[in-house]
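Working notes, beginning with the structure itself.
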Protein chains: 2
Amino acid sequence: MAITLDQLNAASADEAAQLLDGLYEHSPWIAREALAQRPFRSLAHLKQAMAAVVAQAGVEKQLALLRAHPELAGKAMVANSLTAESTHEQGKAGLADCTPQEFATIQQLNADYNARFGFPFILAVRGPRGTGLSRAAIIETFARRLANPVEAEREECLRNVHRVVELRVNDKFGVAPAEGEQVWDQLERLAQHSDPGFAEKGQLTVTYLTDAHRAAARQIEQDMRGAGFDEVAVDAVGNVVGLYRGTGDRRLLTGSHYDTVRNGGKYDGRLGIYVPIACVRALAAQGRRLPFGLEVVGFAEEEGQRYKATFLGSGALIGGFDPAWLDQKDADGTSMREAMQHAGLPATLEAIRALRRDPAAYLGFVEVHIEQGPVLHEMDLPLGVVTSINGGVRYLCEVTGMASHAGTTPMGRRRDAAVAVAELALFVEQRAARDGDSVGTIGILNVPGGSTNVVPGRCQFTLDLRAPSDPQRDALVADVLAQLQAICDRRGVRASTEQTMRAAAAPSHPQWQARWERAVQALGVPLHRMPSGAGHDAMKLHEVMPQAMLFVRGQNAGISHNPLESTTADDIDLAVRALRHLLDQLASDTPA
Amino acid sequence: MAITLDQLNAASADEAAQLLDGLYEHSPWIAREALAQRPFRSLAHLKQAMAAVVAQAGVEKQLALLRAHPELAGKAMVANSLTAESTHEQGKAGLADCTPQEFATIQQLNADYNARFGFPFILAVRGPRGTGLSRAAIIETFARRLANPVEAEREECLRNVHRVVELRVNDKFGVAPAEGEQVWDQLERLAQHSDPGFAEKGQLTVTYLTDAHRAAARQIEQDMRGAGFDEVAVDAVGNVVGLYRGTGDRRLLTGSHYDTVRNGGKYDGRLGIYVPIACVRALAAQGRRLPFGLEVVGFAEEEGQRYKATFLGSGALIGGFDPAWLDQKDADGTSMREAMQHAGLPATLEAIRALRRDPAAYLGFVEVHIEQGPVLHEMDLPLGVVTSINGGVRYLCEVTGMASHAGTTPMGRRRDAAVAVAELALFVEQRAARDGDSVGTIGILNVPGGSTNVVPGRCQFTLDLRAPSDPQRDALVADVLAQLQAICDRRGVRASTEQTMRAAAAPSHPQWQARWERAVQALGVPLHRMPSGAGHDAMKLHEVMPQAMLFVRGQNAGISHNPLESTTADDIDLAVRALRHLLDQLASDTPA
């Protein structure tokens, strides 16, 4: 017996509290306090309001909320004393069907977890449409989270509680996030295509122009046709291009990539193809035409996995295809030209050069992408508006000091290469943090041939420095390199640095960024602006037209390039609605 | 036409300056200023006085001194415009006989060196008795020093200038450091015995009970007999034991080890056998008996190279031989028992246990050893008195954080394992330095599987912490481990630590240390007290009798466990005289 938002907004405080009964486990005070913020503009608004009550309640009440939850497959399940909601959820995850070994493992994890944290392990085990985490995935996540610091794990549990409540709210209001669920299902189907060697292990790997890659392209073509695109074709580099015609000649370009890293996630790139497809489906269903055409591209290559030709798909649209790539060979000795011929592509430079777009024919480029970072997840926000794709510089470095006896060399007479790098590492951390939105990383760090009793004479390391604008990045780089020199001078050691990568920043076009911001706010979702730390196809289009991106929250602290990459149908649904809002804004702004 | 110290002390200032002409290259002002300190007690005193003038002259005058030197095998040599002294020295080093390729290499090094430092490369190429560095060793040293920081290299050049002057002083006064030169020659001969695989490459490696090891033992026996020892024998573990009888029954024990590390130096250990042999030679030549016997032991095993049985030789004298060692196998599968049998030793526990000494029969133990560190070299001092052999603790550690995307993880949301270790590395450095004589080292440092664009999720490292006393060491360890925990708590990462070694400190016996101090001061050499960072046989004897050690300066910044390990006949000569002084003191203290 579903209720409606109007009904909730109109009810008395007691009636309204009654309507929201059973959302937060044994904790009706949360819904009750949130009701003070009525009227709610959307279910997202209601969910955010309740989450805000929890956030402001303080640690003691948060712990009480967590402790009100049952153990996973614990005594309460065995004793049939779970709440109706929990019984439903744990049952769907198949926890009642554990093997004795799985059950024993979970009991041990429950005991270890309680001893460490003092509250039960909470995981939103139910996915949309009855899908959800497998028992193996639940156990893996459990073991992983057991290693978290206490405070981080308390926050992680609260986020899972909010996710459980989100699903319960949907049930209560009888409103499934239908478009989000459809995209979710389509991405599940798309993930069935995987390269040999990975498919057998249930892992997702789709690299450029493999058979699985071609099958994925056909799937996307089919889904585009099914949604009502007017024209769908695979172009000369393997991009899947769908056009939904407008009443005017100019077009909005959108899309993202469908290739993956090895053993990657289902949402990286692909979400940015299927969210626009969902919008076209709704437009076509209504027979509605916008004053501009909508050109959706599934880029064939972005990750640079099979060939060193990162951003090949989007690069081809701006004339950035390097002719030398055709002769590049993969690990098996197959050239890109041969791979293209095998895939039925023309494999000629002429055909590839013809893909170059005339920027004048386009309004701009927008891209929806999973965040691939922890920010939105930790802030409990489903969407984020990208301010800029960070520019980056990478260096391969080595400090040379003097190896000497760890016992006989007094501290004041050392030329320790590793301590010099340690000093730099702390500087990088502090200097990047000072900007607020710069990042700096020493990802590789090694004393070659190091011994316990030898003062390090050499230390090899990498620097990865990124910032939302080129001047900000360059100032960061200059400060870090100057500090390295100062450390070396002071310590009597020497450093060599070799630049291995340099990429310009791609700030969002202010007008287009503003459109995303209005779209997010219209959904009742708090606005959060953030730079993109990773590179995206939008960086390429940035060179020829205005662009702006929308980020969608990733679960599991935003983990990406990993099978644990995940998002929810609710978040996807919000992304579809945000893109629709942007299209509507653009329609009002654009003369037909 | 040699001069005498008395002559120098009695001369007028001008006459004296004339007598010292030609010592410091084109820089008579140094000798002239040093003359103000007359009368000189010894040639060592004169040398120290001149070195002190240079040290106090300031950088400008030091640079002028360096620039007054010719290039090595440079234009001046080609043009025959060297000073007589330089011609003699460069000629002895065979530099006039360079191959065209060697000559070209040296010219390039000269050019690079001058461009980097602004003064010529200076190396004391002449050894005692016409020996000296080979051309290959000169070129290798040249290339290595080209990498030094400017200030360190200026100091290194000045030390070489002082060494050149030391040899010129000896020539001028017609006094060779005869006992030092004899020990030098004996150690050169002893170094002819080297294990297969190393001997062919001219490298010195003598591991426990190999044929080369047995040959070295026979050489030591022979040298002891030649010096006039009353009894010489090889004991059940391979120690070479020589006794020079006294008029009383009690004995002074001294000695060091004759085994080496792989590709090691000629002085490590062996110096401590041959310095006492030199003293016995002089006593025997005079037919003089001390009121105590002098028992000199060449310990067969200290380095733990062939078997994991470090300090086997000295350990056997205190009953510290582990019976399990007999069955331990080397890399070729030969057990220690088999190796003993092959060497003609009894290979029975009974025979080994019989080696245990009765401490009541001994006055104490003294050991002369090359420093194996940079302190004396950098301080321009030939001898140092050891205050304690440092106690040490080692740990194998790992910090676990959370690997994440280097682009998308904001600085404030990272759990970077490597930066946590970097913070600890700086703490270790500062905390050890605070004690003055503690040392702390992170010798192994590695981010396993690190990538440029991934925030390190793991970082492996070692800790090596040493101090002159156990309480000081334990306080250091406690502070470092507490800081590691504090860093982990603050950064949300975890650390595991595994103790892999723990050794007690062996402070010198105050009375015995004082004897060494008096001996050094009597030689006109400034007194410097210092802990020993490395372990020595004296640590073992420490468990049963009073002990104190004397350090002899190593050249090349004290490098050891390396073929570059080096000392001078002058320094060895001072060590012989210091030990003789200690014996004389002991003779006065000991009732016959």
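The values are calculated or read from the model by the stated rules, or taken from the named source; none is laboratory data. Model, not experiment: these values are computed from the prediction. Positions of Cβ are backbone-derived with ideal geometry, glycine not excepted, and every protein chain shown enters the neighbour counts. Ligands, DNA and RNA are stripped out before the accessible areas are found, and what is left, the full protein with its side chains, is counted by its heavy atoms. Shrake-Rupley method; radii C 1.70, N 1.55, O 1.52, S 1.80 Å.
Of the trypsin sites (Lys or Arg not before Pro) found in region A:24-82, not one falls in a DSSP loop while having at most 11 other beta-carbon atoms within 10 Å.
If R0 is 51 Å, the Cβ-Cβ spacing of A:His26 and B:Ala433 corresponds to a FRET efficiency of close to 0.35.
Per residue, the accessible area of region B:5-173 comes to 45 Å² when a 1.4 Å probe rolls over the protein heavy atoms.
Chains B and A: how much accessible area gets covered up at their contact, both sides added, probe 1.4 Å, in Å² to the nearest hundred?
Values: alone 24840 and 24790 Å², together 44930 Å².
Roughly 4700 Å² of accessible surface disappears when B and A pair.
Does chain A classify as rounded, prolate or oblate by the C-alpha gyration tensor (a ≥ b ≥ c root eigenvalues; a/c under 1.5 gives rounded; else a/b over b/c gives prolate, otherwise oblate)?
Numbers: a/c = 1.64, a/b = 1.09, b/c = 1.50.
In terms of gyration-tensor shape, oblate.
Measuring from a point 7 Å past the Cα of B:Ala52 along Cα-to-C-beta, which residues in region B:524-560 have an amide N at less than 15 Å? Only B:524-528 pass the distance filter.
Restrict the search to region A:354-450; then list the trypsin sites (Lys or Arg not before Pro) that DSSP places in a loop and that have at most 16 other Cβ atoms within 10 Å of their Cβ. Here the sparse-neighbourhood loop sites are A:Arg356.
Quick check for me: using +1 on Lys/Arg Cβ and -1 on Asp/Glu Cβ, what's the dipole size of region B:75-216 about its Cα centre, in debye to the nearest 20? Write out the running numbers ahead of the final one.
Working: 16 positive and 19 negative charges, 50 e Å.
So the dipole magnitude of region B:75-216 works out to roughly 240 debye.
Averaged over its residues, region A:199-347 has an accessible area of 34 Å² per residue, based on protein heavy atoms and a 1.4 Å probe. Counting Cβ atoms of other protein chains within 10 Å of each residue's Cβ and taking the mean over peptide B:434-443 gives 6. Between B:Ser81 and B:Gln585, the simple label model (points 7 Å from Cα in the Cβ direction) yields a spacing of 5.3 nm. Each Lys and Arg Cβ is given +1 and each Asp and Glu Cβ -1; about its Cα centre, chain A then shows a dipole of about 700 debye.
Around A:Phe103, under 11 Å between beta carbons, what's the net of Lys plus Arg minus Asp minus Glu among the other residues? Here the count lands on -1. With Cα atoms as the point set, the protein assembly as shown shows a radius of gyration and Dmax of 39.2, 122 Å. Distance between the modelled labels on B:Asn9 and A:Asp327, one decimal in nanometres: 8.5 nm (7 Å Cα→Cβ projection).
Taking every residue in B:423-433, how many Cβ atoms of other protein chains lie within 10 Å of its Cβ, on average? Before the final figure, lay out each step's value.
Working: counts 5, 1, 10, 5, 1, 3, 6, 1, 1, 3, 4.
Counting Cβ atoms of other protein chains within 10 Å of each residue's Cβ and averaging gives 4.
Tell me, what is the FRET efficiency for A:Lys201 and A:Met379 to the nearest 0.05, using R0 = 35 angstrom and their Cβ-Cβ distance as r? So the FRET efficiency works out to roughly 0.55. Think of the protein assembly as shown as a dipole: +1 on every Lys or Arg Cβ, -1 on every Asp or Glu Cβ, centred on the Cα centre; then among A:Val552, A:Gly443, A:Ile30, A:Ile30 lies furthest on the positive end.
When the charge dipole of the protein assembly as shown is built from unit charges on Cβ atoms (+1 for Lys and Arg, -1 for Asp and Glu) and taken about the Cα centre, the candidate among A:Val296, B:His581, B:Thr254 whose Cα reaches farthest toward its positive end is B:His581.
For a paramagnetic label modelled at 7 Å from the Cα of B:Asp97 toward its Cβ, which residues of region B:136-154 fall within the zone defined by backbone nitrogen distances under 20 Å? Residues passing the 20 Å test: B:136-141. For region A:260-342, trypsin sites (Lys or Arg not before Pro) are listed when DSSP marks them as loop and at most 11 other Cβ atoms sit within 10 Å of their Cβ; the list is A:Arg288, A:Lys308.
In region B:392-503, taking the dipole from charged Cβ atoms about the Cα centre, the farthest positive-side position among B:Gln430, B:Ala475, B:Ala417 is held by B:Ala417.
Peptide B:488-495 has a mean of 2 when you count, residue by residue, the C-beta atoms of other protein chains within 10 Å of its C-beta. How about region A:145-168: which of its residues lose at least 40 Å² of accessible area in the presence of all protein chains relative to their chain isolated, using a 1.4 Å probe? Residues shielded by partner chains are A:Ala147, A:Pro149.
Just the number, please: carbon plus sulfur as a percent of the accessible area of region A:55-190, 1.4 Å probe, no ligands or DNA/RNA counted.
Details: 3180 of 5880 Å².
For region A:55-190, the apolar C and S fraction of the accessible surface comes to 54 percent.
Counting only heavy atoms of the protein chains, get the accessible area per residue of region A:367-443 (1.4 Å probe) and round it to a whole Å² value. Intermediate values should be presented prior to the final figure.
Values: 1860 Å² over 77 residues.
Dividing the accessible area of region A:367-443 by its residue count gives 24 Å².
Assuming R0 = 45 Å, can you tell me the calculated FRET efficiency for the pair B:Arg529 and A:Gln499, based on Cβ-Cβ distance, to the nearest 0.05? Can you show the working numbers first?
Numbers: r = 50 Å, r/R0 = 1.10.
Efficiency at R0 = 45 Å is approximately 0.35.
Remark: spin-label model distance B:Gln511-A:Ser451 equals 3.9 nm, labels positioned 7 Å along the Cα→Cβ axis.
Lysine pair count for chain A with Cα-Cα distance under 18 Å and sequence separation of 8 or more or different chains is 6. Taking θ as phi - 60° and the Karplus parameters 6.51, -1.76 and 1.60, the scalar couplings of region B:337-352 work out to 4, 5, 4, 5, 4, 4, 7, x, 8, x, 6, 10, 4, 4, 5, 5 Hz in sequence order, x denoting glycine and proline.
Pairs of Cα atoms nearer than 8 Å and 6+ residues apart set the relative contact order; for region A:197-263 it is 40 percent. By definition, a body whose alpha carbon gyration tensor gives a ≥ b ≥ c is prolate when a/c is 1.5 or more and a/b is larger than b/c, and region A:392-503 fits this prolate description. About its Cα centre, the protein assembly as shown has a charge dipole of approximately 740 debye under the convention of +1 per Lys or Arg Cβ and -1 per Asp or Glu Cβ, with nothing else charged.
Ranked from highest to lowest mean number of other Cβ atoms within 10 Å per residue, what is the order of the peptides A:462-470, B:232-240?
Listed from highest to lowest mean packing, they are A:462-470, B:232-240.
For a test of the definition: using alpha carbon positions, the gyration tensor, and the 1.5 limit on a/c, classify region A:183-335 as rounded, prolate or oblate. Oblate, since a/c reaches 1.5 and b/c is not below a/b.
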